[in-house]
1. What percentages make up the Cα-Cα pair-distance distribution of the stretch B:2-90 when the bins are 5 Å wide from 0?
2. What is the angle, in °, between the Cα long axis of helix B:2-32 and the longest principal axis of the Cα atoms in chain B? Nearest 10 is fine, range 0 to 90.
3. Let me check I've understood the local charge: for B:MET25, count other residues with C-beta under 15 angstrom from its C-beta, Lys and Arg +1, Asp and Glu -1. What total comes out?
4. Relative to the longest principal axis of the C-alpha atoms of chain A, give the angle of the C-alpha long axis of helix A:50-64, reported between 0 and 90° and rounded to the nearest 10°.
5. Using only the alpha-carbon atoms, how far is helix B:36-61 inclined from the longest principal axis of chain B? Give it as 0 to 90 degrees, nearest 10.
6. Average partner chain C-beta neighbours within 10 Å, per residue of A:21-33?
7. Around B:PHE78, what is the net charge, scoring Lys/Arg as +1 and Asp/Glu as -1 over all other residues with Cβ under 14 Å from its Cβ?
8. Roughly what percent of Cα-Cα pairs across the stretch A:2-129 reach past 21 Å?
Amino acid sequence: MTYEIVTLYVITFCLIVGAAFTLIGAIGLLKFNDSMTRLHAPTKVGTVGVGGLLLASIIYNGVFGEGAMHETLIMAFLFVTAPISANFIAKVNMHRRACDQPPELPGDEQWATFDLVETDNTPDADTISQ
Amino acid sequence: MTLAMDLMNYALIAAFVVIGLCQMMAMIRVVIGPSTGDRILALDTMVVNAIGLIVLMGIAQGTRVYFEVSLIIAMLGFVSTVAYARFVLRGDIIE
């Protein structure tokens, strides 16, 4: 009996932590005023936010259900793919000239991120007006 | 037992409300932009929030049937984020 009560409190804690971090990430996504700064806020959603909710689900199913660790698969997948997609989004920001630019390379070389057709390299209209 | 159960149910409802709110905030970021990177990022965040909502629904209904759904959404979300970013970067997805 006591064991189940303690488990319920642990589940409650995990749910509250997960929801709080998700809220922090969403507020950061909405309030920060630079593309690269905004990139940092939703990483909290992808790790602690969803991680807390999945942990709550694991504990709940382990105590009140059959008990399986399937949710760790989702957790592992999210933790592995989050840095990759963040890297891609940062490259898109650099490519669209929406952030500080890296220094020029010596000689005729160019950064591979900017390597594309000329028409695509013109900066966005709203990026200039900022 | 009842107090702890009530507390968990309240936390569950609060988590539903908060994550729904976060989903709306990410949607606002999708609409206002301003650059393509922000829109991709906001869509990625919306996918992660959707996984959270589905996991919460699994806890609330006490079933395990939503596990596969959230796993597939996680995979599709990653692939679509990479495809969108790759399209912006290279003008093509598969070269």
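Every number here is computed from the coordinates shown, using simple stated rules; none is lab data. For clarity, every value in this text was computed on a predicted model and none was experimentally measured. In this analysis, Cβ positions are derived from the backbone assuming ideal geometry, glycine residues included, and neighbour counts consider all displayed protein chains.
1. 3, 13, 19, 19, 18, 12, 8, 5, 2, 1, 0, 0
2. 20 degrees
3. On the way: positive: A:LYS31, A:ARG38, A:LYS44, B:ARG29, B:ARG39; negative: B:ASP38, B:ASP44.
Once all neighbours under 15 Å are counted, the net charge is +3.
4. 20 degrees
5. 20 degrees
6. If you average over the peptide's residues, the count of other-chain Cβ atoms is 5.
7. Details: positive: B:ARG86; negative: B:ASP44.
Net charge in that neighbourhood comes out at 0.
8. Numbers: 4609 of 8128 pairs.
Beyond 21 Å sits 57 percent of the P(r) for the stretch A:2-129.
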